[in-house]
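Novice: What follows is a structure written as structure tokens; I'll ask about it next.
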Amino acid sequence: MPENVTHGGGYVRYIKAQTEQRLSDVEVQKVIEAIESGRLAATFSNHRKHVAHVKEIVEKKSSEPRCPKCQGEMVKRIVKRGRIGGKEFLVCKIFSKFRGVVDASLL
């Protein structure tokens, strides 16, 4: 793999290993200004919207079905053949490890 493909926190080591200057001081300043100009104002209204958005995400995640064995995320699959072909079911994302399966009609 290329050295710039990292896992976990490996990107920090890669960034610190760089010695060649990639951007001039002017380019760095332009990037900083672009980031700051795209930022929402730190107002009470924006804070309330952000909190509501985060709560919505949390509620959605808590209402999604979880693996009965490992509490992992479940994904929808469809039976490809056999007498129940076309039927939907949910399977644990790490199915090979836990074998957690739930009939989608039960949800």
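The values are calculated or read from the model by the stated rules, or taken from the named source; none is laboratory data. Treat the numbers as computed from the prediction; the structure is a model and nothing was measured. In this analysis, Cβ positions are derived from the backbone assuming ideal geometry, glycine residues included, and neighbour counts consider all displayed protein chains.
Novice: Kindly check whether there is at least one residue in the stretch 8-19 that is assigned to a helix (DSSP H, G or I), surrounded by 10 or more Cβ atoms within 10 Å (Cβ to Cβ) and among the small types (G, A, S).
Specialist: yes
Novice: Let me ask something else. Search the stretch 23-49 for residues that are among the polar types (S, T, N, Q) and pair each with any residue that is surrounded by 10 or more Cβ atoms within 10 Å (Cβ to Cβ) when their beta-carbon atoms are under 6 Å apart and the residues are at least 6 apart or on different chains.
Specialist: Close Cβ pairs (under 6 Å, with a partner that is surrounded by 10 or more Cβ atoms within 10 Å (Cβ to Cβ)) amount to N46/L40.
Novice: Go through (1) in a helix (DSSP H, G or I); (2) in the same structural domain as V91 (by TED's automatic domain parsing) for S45 and report which single condition fails.
Specialist: Here S45 clears every test but (2).
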